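J.: Input: one structure, supplied below.
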Amino acid sequence: FLEIRKGSRKANDVKSEAVQPQLIPSAFRDVALRSAIPQVAAELMGLSENDETNMRMLRDVFIAKDDGEYCCGWHVDDYGYWPANPSSDGINAWIALDDMPIEKGGGFALAAGSHSADWRMDAHRAVGATTTYPPEGFQNAADMFENRTGAGTCNIATAAPEIFSRMEESKRIYNIRAGDVIFHTRWLFHRTVPFERNVVQHWLGKYRDYRGGHEAAPPSPLLHRRYSVRYAPGTAELPRGYGTELSILSDTNNAGKSLDDVVRSDGPWYPQCWPSVNSQEMKQLAELMNKKLPKAIARQKERVKEMRPFLDTIARERQTPGRIKPFTAIN
């Protein structure tokens, strides 16, 4: 989303001399803010130009599915991907950058109706979704990993097998062409689909057979790329407590504020994209990137280091049979 001219300071280089960056034309930025996609997202959220609620880009992410067999299971996004309190709704625009035929795998699966199913809160509790977090958030890394409920974002298959089966029965996977867009609500369970193993084996065979040289190009990587943009109303509030959200790491006073209030007081961390792009916010992007983003990224790296021992422990436990406990629904 943020791109700078060659020779400018890198966004995560906080020790080099400051160089005023210049935003260059970005296809990602234009798609996220200036295309028809924000208009569709606003309509799906039920926003109207007759009221005072605007819409902002909460988060965007470029994702590529490779030949690996692992994919996160059915889930709704945590604060790392959707940094807004559960009281607010939102729309995700999932944009395919490659063709993704069903028979090849590597696409996107949706559990149709899971956002409104009568068992949805059981599913949230099973994985410890953000709807189960304390309103004040967690105080530190130990508090987050020791006191978060549920079996973890990606683990509904082992934590709640019956709910997992319901999602599998209702799943929809589409034949996708590059440029297709899937819109879905924030609370719809979804997952990436792994590549079919025969496709992976065929690709690996071509890769092993490649001998290099000028007579032949190496095989193309086995990748399905997608660009995902999360939209939320300007009234959506940032979470409180321990986390990795850049705007909060830049200024802790932003925790608990609405997106509108954060932008008014601290710059365009969450650019407005409906009913129109705010030209003044666009002018402020370079300053935010130059003065605030590098320090926030440095602090985010410190947070990740603090969480690493807990993540390593979880990884080891997942390799031990029976460590993930099944979930019992609360009636």
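The values are calculated or read from the model by the stated rules, or taken from the named source; none is laboratory data. Just so we're clear, the structure is a prediction, and the values are computed from it rather than from any experiment. Positions of Cβ are generated from backbone atoms using ideal geometry, with glycine treated the same way; all protein chains shown enter the neighbour counts. For accessibility, only protein heavy atoms count, side chains too; no ligands or nucleic acids. Shrake-Rupley method; radii C 1.70, N 1.55, O 1.52, S 1.80 Å.
J.: Return the label of the correct value of P(r) over Cα pairs in 20 Å bins from 0, in percent, as calculated from the structure shown, out of (i) 30, 56, 13, 1; (ii) 29, 50, 20, 1; (iii) 27, 59, 14, 0.
T.: Given (i) 30, 56, 13, 1; (ii) 29, 50, 20, 1; (iii) 27, 59, 14, 0, the structure-derived one carries the label (iii).
J.: Accessible area per residue, 1.4 Å probe, Å², for the chain: what's the number?
T.: Computed with neighbouring chains in place, this is 54 Å² per residue.
J.: Among H224, H202, H75, whose mean-square fluctuation peaks in a Gaussian network model of the chain (Cα, cutoff 10 Å)?
T.: Checking each option, the largest mean-square fluctuation is seen for H202.
J.: Further question: Just the Kirkwood number for segment 231-317, please: inverse of mean 1/r across all distinct Cα pairs, in Å, one decimal.
T.: Values: mean 1/r = 0.0701 Å⁻¹.
Here the Kirkwood hydrodynamic radius works out to 14.3 Å.
J.: Roughly to the nearest percent, how much of the accessible area of segment 77-134 is carbon and sulfur, given a 1.4 Å probe? Provide the component values of the computation, followed by the final result.
T.: Numbers: 970 of 1960 Å².
Carbon plus sulfur share of accessible area: 50 percent.
J.: In segment 229-316, carbon and sulfur make up what percent of the accessible area (probe 1.4 Å)?
T.: Solvent-exposed carbon and sulfur of segment 229-316 make up 49 percent of the total.
J.: Pick from A129, A142, A42: which residue has the top mean-square fluctuation in a GNM of the chain where Cα pairs under 10 Å get a spring?
T.: Between A129, A142, A42, it is A142 that shows the largest mean-square fluctuation.
J.: Taking a quarter of the surface of the convex hull around the Cα atoms of segment 84-168, what do you get in nm²?
T.: 7.5
J.: Step by step: find N for segment 132-222, compute 2.2 N^0.38 Å, then divide the Cα radius of gyration by it. What's the final number? The partial results should precede the final answer.
T.: On the way: Rg = 20.9 Å, N = 91, 2.2 N^0.38 = 12.2 Å.
Here the answer is 1.71, to two decimals.
J.: Build a GNM of the chain with springs between Cα atoms under 10 Å: which of W269, W82, W119 gets the top mean-square fluctuation?
T.: W119
J.: With a 10 Å radius around each residue's Cβ, average the other Cβ atoms per peptide and rank 105-113, 162-170, highest first.
T.: 105-113, 162-170
J.: For K301 and S35, compute 0.36 nm times the residue count separating them, minus their Cα-Cα distance, and round to one decimal in nm. Each step should come with its number before you reach the end.
T.: Details: separation 266, 0.36 × 266 = 95.76 nm, distance 3.27 nm.
The span from K301 to S35 would gain 92.5 nm if fully extended.
J.: Something else: Could you work out the helix-only [θ] at 222 nm for the chain, with each DSSP H run of four or more residues adding -39,500 (n - 2.57) and the total divided by the number of residues, to the nearest 500 deg cm²/dmol?
T.: Working: 11 runs with 106 residues, N = 331.
Taken over the chain, the calculation gives -9500 deg cm²/dmol.
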